[in-house]
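For reference, the structure discussed in these notes is given below.
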Amino acid sequence: MYALRKIFFPLFLICCLLTVSVQAQAGHGDQRPAKTGILLVAFGTSVPEAQAALANMETRVKAAFPGVPVRWAWTSSIIRHIMDKRGQHVDSPAEALARMMADGFTNVAIQSLHTIPGEEYHGLVQTAHLFQGMPKGLQRVLVGYPLLATPDDYAAAVNAMLKAAPAERKTGEALVLMGHGTPFPANACYPAFQYYLWKKDKNALVGTVEGSPTLDDVIFELKALKAKKVYLMPFMAVAGDHAHNDMAGPEPDSWKSRLEKEGFDVTCVLQGTADNPDIAAIWISHLAAALAHFK
Ligand code: CO
């Protein structure tokens, strides 16, 4: 009997304490009105003209969701440090979420302006989860898909990119899109995108700077197509450093120089996908899906 009491009394005490703490929580319960915000997250760019593409994206998002505050974060710490040196601070996702928490937001829909669900996107999802449900903090933090997520996104992104190709491009002339690429599993999105491109246009190719397909793969396909004329366009949110240097730069190892060396006639188009209204519409549809969870 004594032994039982020895067990039950501490248990009883714990139960009392738990009841008190639950009541205390209910007493100070989260009475705040729901406050929803949007956080747009891009990799970021140090190229001022490219930053205009991001500003255009913000204008489109504000028009699609009037009255919902829009904030920004960039995932690249290197680029944020460059901006800090210029006296133009841009928040990291964690800084932006902490600020939104302090400003009384309860729900945040984050829209990733990344192209594939790669390293940057997964890091963002992890950060979002860590910020969700902190005491007196953000109740819900959801992340919209990057550009290429569902099969419909691939088809829509292909249409958007083909539509953005220069109007003077004639039948049989090649279009080469330069994506970023990644050593992570999501690099498979690029060969998948190539499949959808070929369904619409046999002369449209995608290559990557840091993954696969490589520029060598692209050159192989261009030769098989017997193409002479090539239009080069970035397949990244902004026409930033990669587009200006790796794609269109004067150095012998730029895509333009290498293609010219192979005998192709090359024209570069320096427009990021954030400046393409049909691509922006895909990101905005992903943001709308995230926001719908708060209704
Ligand atoms: Co890069």
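Throughout, read-outs are computed from the coordinates displayed, never taken from laboratory work. Nothing here was measured: the structure is a model prediction, and the numbers come from that model. Cβ coordinates were reconstructed from backbone atoms using ideal geometry, including for glycine residues, and neighbour counts include every protein chain displayed.
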For the chain, take the longest principal axis of its alpha carbons; what is the angle in degrees between that and the long axis of helix 119-131, to the nearest 10 within 0 to 90? 20 degrees
Report the extension gain between residue 241 and residue 281 in nm, rounded to one decimal, defined as 0.36 nm multiplied by the number of residues separating them, less their alpha carbon distance. 12.0 nm
Give me the orientation-averaged projected area of the Cα convex hull of segment 80-165, in nm², one decimal. 7.6 nm²
Take the Cα gyration tensor of the chain, multiply each eigenvalue by 5, square-root it, and list the three semi-axes largest first, rounded to whole angstrom. 48, 20, 18
Hey, rough spin-label estimate for residue 85 and residue 229, points 7 angstrom out along Cα→Cβ, what's it come to in nanometres? 4.2 nm
Hull volume in cubic angstrom per residue (convex hull over the Cα atoms of segment 65-110): 91 Å³
Report the relative contact order of the chain, percent, no decimals, based on alpha-carbon pairs under 8 angstrom and at least 6 residues apart. 18 percent
Under the Karplus curve 6.51 cos²θ - 1.76 cosθ + 1.60, θ = phi - 60°, whole-Hz ³J(HN,Hα) for segment 90-96, x wherever Gly or Pro sits: 10, 5, 7, x, 5, 5, 5
With +1 on the Cβ of every Lys and Arg and -1 on the Cβ of every Asp and Glu, and nothing else charged, how large is the dipole of the chain about its Cα centre, in debye rounded to the nearest 20? 1020 debye
How are the Cα pair distances of segment 164-295 distributed, in percent, across 5 Å bins from 0? 2, 10, 19, 23, 21, 12, 6, 3, 2, 1, 0, 0
Between residue 289 and residue 125, what is the spin-label point distance in nm, taking each point 7 Å from the Cα along the Cα→C-beta axis? 1.2 nm
Per residue of the chain, what 222 nm ellipticity follows from adding -39500 (n - 2.57) for every DSSP H run with n ≥ 4, rounded to the nearest 500? -14500 deg cm²/dmol
Distance in nm between residue 35 and residue 134 label points, each 7 Å along Cα→Cβ, equals 1.5 nm
Along each of the three principal axes of the Cα atoms of segment 22-171, give the extent in whole Å, ordering the values from largest to smallest. 72, 40, 30
In whole angstrom, largest first, the equivalent ellipsoid semi-axes that the Cα gyration tensor gives for segment 103-222 are 35, 16, 10
Taking amide H atoms as placed 1.01 Å from N in the peptide plane, list the residues 5 or more away in sequence, or in a different chain, whose amide H sits under 5 Å from that of residue 208. 179, 214, 215
Gain on full stretching of the segment that runs from residue 212 to residue 199 - 0.36 nm per residue minus C-alpha separation: 2.7 nm
